[in-house]
1. Please report the antiparallel percentage of the DSSP beta bridges confined to the chain, to the nearest 5.
2. S86: net charge of surrounding residues, Cβ under 13 Å, Lys/Arg +1, Asp/Glu -1, itself excluded?
3. Using modelled amide H (1.01 Å from N, peptide plane; none on Pro or chain starts), what sits under 5 Å from the amide H of C152, excluding residues fewer than 5 places away?
4. Using unit Cβ charges (K, R positive; D, E negative) and no other charged atoms, how large, in debye to the nearest 20, is the dipole of region 14-156 about its Cα centre?
5. Please turn the phi angles of region 148-156 into ³J(HN,Hα) values with the Karplus equation 6.51 cos²θ - 1.76 cosθ + 1.60 (θ = phi - 60°), one per residue in order, whole Hz, x for glycine and proline.
6. To make sure I understand, if each residue's beta carbon is the centre and we count other beta carbons within 10 Å, what order do R26, R42, R147 fall in, fewest to most?
7. With axes computed from alpha carbons, what is the tilt in degrees of helix 106-116 against the longest principal axis of the chain, rounded to the nearest 10 within 0 to 90?
8. Which one is right for this structure if P(r) over Cα pairs in 5 Å bins from 0, in percent is calculated from it: [x] 1, 9, 19, 24, 23, 16, 7, 2, 0; [y] 1, 8, 15, 18, 18, 15, 12, 8, 3, 1, 0; [z] 1, 8, 14, 16, 15, 12, 9, 7, 4, 3, 3, 3, 2, 2, 1, 0?
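Please treat every number below as a calculation from the coordinates, not as lab data. Just so it is clear, the model here is predicted, and its values are computed rather than measured. Ideal geometry is used to build each Cβ from the backbone, glycine not excepted, and the neighbour counts take in all protein chains shown.
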Amino acid sequence: MHRYIFILSLLFPFLSATAQPKHEVRAAWLTALYGLDWPRTRALNPQSIRKQKEELVDILDKLKAANFNTVLFQTRTRGDVLYPSSIEPFNAILTGKSGGNPGYDPLAFAIEECHKRGMECHAWMVTVPLGNKKHIASLGNRSVTQRAKNICVAYKNEYFLNPGHPETKEYLMKLVREVV
């Protein structure tokens with residue numbers, strides 16, 4: 001028995017030497033909802049597209065200088081997205097109108113700029129809330145409330161994906177697969 005313990009104690013330093021180093025995550029959420037963090041400028045022409053990108057670069061530079069190593073980039077807000085999607089329209093915050101193409105892929109740009117700074121970029125999505133009647137109307141026929149009515153519920157002038165409906169999971173998984 002003592003010999004067994006002695007052999008394990010000899011192996012212990014080698015086992016711990018192969019363990020992965022601890023990685024501290026210092027993350028910041030970057031939200032596009034109502035333009036709270038980004039963007040401030042609408043992408044309407046080459047100059048404003050450049051300005052919108054510069055706004056994001058400035059935020060990322062400040063986060064890097066503050067020793068953040070991870071950005072949680074909002075990819076889906078309320079039934080609309082910040083990347084080219086075949087499922088949901090572009091968020092109006094990018095161009096001023098729902099579904100308006102900003103002329104570039106904001107998620108791909110965010111990933112590229114994060115990686116340039118040695119930062120991770122994680123896409124995060126708002127999953128259940130879809131917005132109020134005015135927002136839903138602005139999405140038109142691209143709204144999930146029009147295309148998949150059976151998984152949506154209205155409550156107090158707001159719309160939501162129904163988390164209890166089995167098809168909701170598949171709908172959200174389509175969005176996740178699209179981002180991946």
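1. Of those bridges, close to 40 percent are antiparallel.
2. Charge balance in the 13 Å sphere: +2.
3. Amide H neighbours of C152: N162.
4. On the way: 20 positive and 12 negative charges, 119 e Å.
Computed about the Cα centre, the dipole is about 580 debye.
5. After applying 6.51 cos²θ - 1.76 cosθ + 1.60, I find 9, 3, 5, 9, 10, 9, 9, 8, 6 Hz.
6. R26, R147, R42
7. 30
8. Evaluating P(r) over Cα pairs in 5 Å bins from 0, in percent on these atoms matches [z].
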